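Structure, as structure tokens:
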Amino acid sequence: MTALKNHIPYRLTNINQEVEIHWLYTADIPFAEPFFDETISKCLSVNPGRGRFRCITSLETMIEAASRADYIPVTSFIFHISRCGSTLLSQSLSISEEHIVLSEVPFFDAILRSCLIPQEKKKEALVAAVKLYGQIRNVQQKRLYVKLDSWSVYYWRLFRELWPEVPFLMLYRNPAEVLYSHQKNAGMHAVPGLLEPWLFNLREESVAGLRLDAYLSQVLSYYFSEFKKIKNEDSLSVLLSYHQGIESIIETVRKFVALADDEKFLDLVKERSRYHSKDNERLFAEIVPRKPVPEFLKEAFDKFTELENIRETGS
């Protein structure tokens, strides 16, 4: 099987302990939504008649298809702690017609967390999936950015093993501000029980009975610890702080991944930053209350401060 033109694998199902891969017709829809599940919804609505003609293959067939795909190698992986400007970063990068930006692709997470795929086969499947999502869809496209789910930092050594020369971008923010955002609208990793606790180096018994705020503080502490570990051990990683502002972040990224100095692109990024990261028609206006750091958040705040010192001093 050759790679299917304008198709990507998007769903993984289990039929009698056998993994099946469902393919999605993407037409010419750009991968430009803030989150990839929104792109999937758009693609599903393009041609409702296609729902009667489902394309389902084996995992092996998907891997074989990827070996024949014409794809763009990954430019960088984006790790983040959520609610830290990562969506604005990915939306800013997607402004350029030269960039493919994949933002939190559910299929990648499904492969990583699958208990049905053996580890070595999982590596093959993940590499194949990234190739298929990074297929060249027009001649202008030259770079591929992959923004992962926040909990994917658990797998950072796997990503380094599979992509030994690809830079890691690590975006973070003051944990009190992250907490405030999740208090208004909690994400998956902020709610005990929605994700496996081992993804955050936690045990089930230690999570049981925790309030949301206390649980998230432990998750954030884990994220900060892993970012420090990556920075100390991996020379192809860079720390990016929400508090730099998007223009400074883009400039750091530009230098780190050797992007050309494109004044028009930077002007467009500046204009995009005036609007909400998840709604490019709504002006951004965030009010974060300034309160004393609660005791349960102290460990996470200390680790955040340590990361800021490392980023600012370079050591």
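Hey, what number do you get for the chain at 222 nm if only DSSP H runs of n ≥ 4 count, each worth -39500 (n - 2.57), divided across all residues, to the nearest 500?
-12500 deg cm²/dmol
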Given an 8 Å cut-off on Cα distances and at least 6 residues of separation, report the relative contact order of the chain as a percent.
19 percent
34 Å tail of the calculated P(r), the chain, as % of Cα pairs:
23 percent
Over its Cα atoms, what ratio of radius of gyration to 2.2 N^0.38 Å does the range 185-236 give?
1.25
Would you list which lysines come within 30 Å of residue 5, measuring only between C-alpha atoms, while excluding same-chain residues fewer than 8 positions from it?
42, 121, 122, 123, 131, 142, 147, 278
Quick one: which residues, 5 or more positions from residue 144 or on another chain, have an amide H under 5 Å from its amide H? H modelled 1.01 Å from N in the peptide plane, none for Pro or chain starts.
75, 76, 100
Descending semi-axes in whole angstrom, ellipsoid equivalent of the range 63-172, from the Cα gyration tensor
21, 19, 11
Fewest-first ordering of 226, 308, 165 by Cβ atoms within 10 Å yields 165, 308, 226
Among 119, 140, 17, the residue with the largest mean-square fluctuation in a Gaussian network model of the chain built from Cα contacts under 10 Å is 17
If you put +1 on each Lys and Arg Cβ and -1 on each Asp and Glu Cβ, how big is the dipole of the chain around its Cα centre, in Debye rounded to 20?
360 debye
Of 132, 74, 30, which is farthest towards the positive pole of the chain's charge dipole, taken about the Cα centre with +1 and -1 on the beta-carbons of Lys, Arg and Asp, Glu respectively?
30
Lys/Arg Cβ at +1, Asp/Glu Cβ at -1, dipole of the chain taken about the Cα centre: which of 85, 162, 110 is farthest positive-ward?
110
Cα lying deepest toward the dipole's positive end in the chain, options 191, 242, 45, charges on Cβ:
45
Burial ordering of 62, 188, fewest other beta-carbon atoms within 10 Å first:
188, 62
Largest fluctuation, 238, 130, 19 only, Gaussian network model of the chain with Cα springs under 10 angstrom, belongs to 19
Given the range 71-313, what percent of its DSSP beta bridges are antiparallel, to the nearest 5?
15 percent
Estimated dipole of the range 113-230 in Debye, rounded to 20 [Cβ of Lys and Arg +1, of Asp and Glu -1, Cα centre]:
480 debye
Name the residue, out of 116, 199, 220, whose mean-square fluctuation peaks in a Gaussian network model built on the chain with Cα pairs under 10 Å.
116
For the range 163-256, what does the relative contact order come out to in percent, with C-alpha contacts under 8 Å and a separation of six or more?
43 percent
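Values in this text are rule-based calculations from the coordinates and carry no lab data. These figures come from a predicted structure and were not determined experimentally. Positions of Cβ are generated from backbone atoms using ideal geometry, with glycine treated the same way; all protein chains shown enter the neighbour counts.
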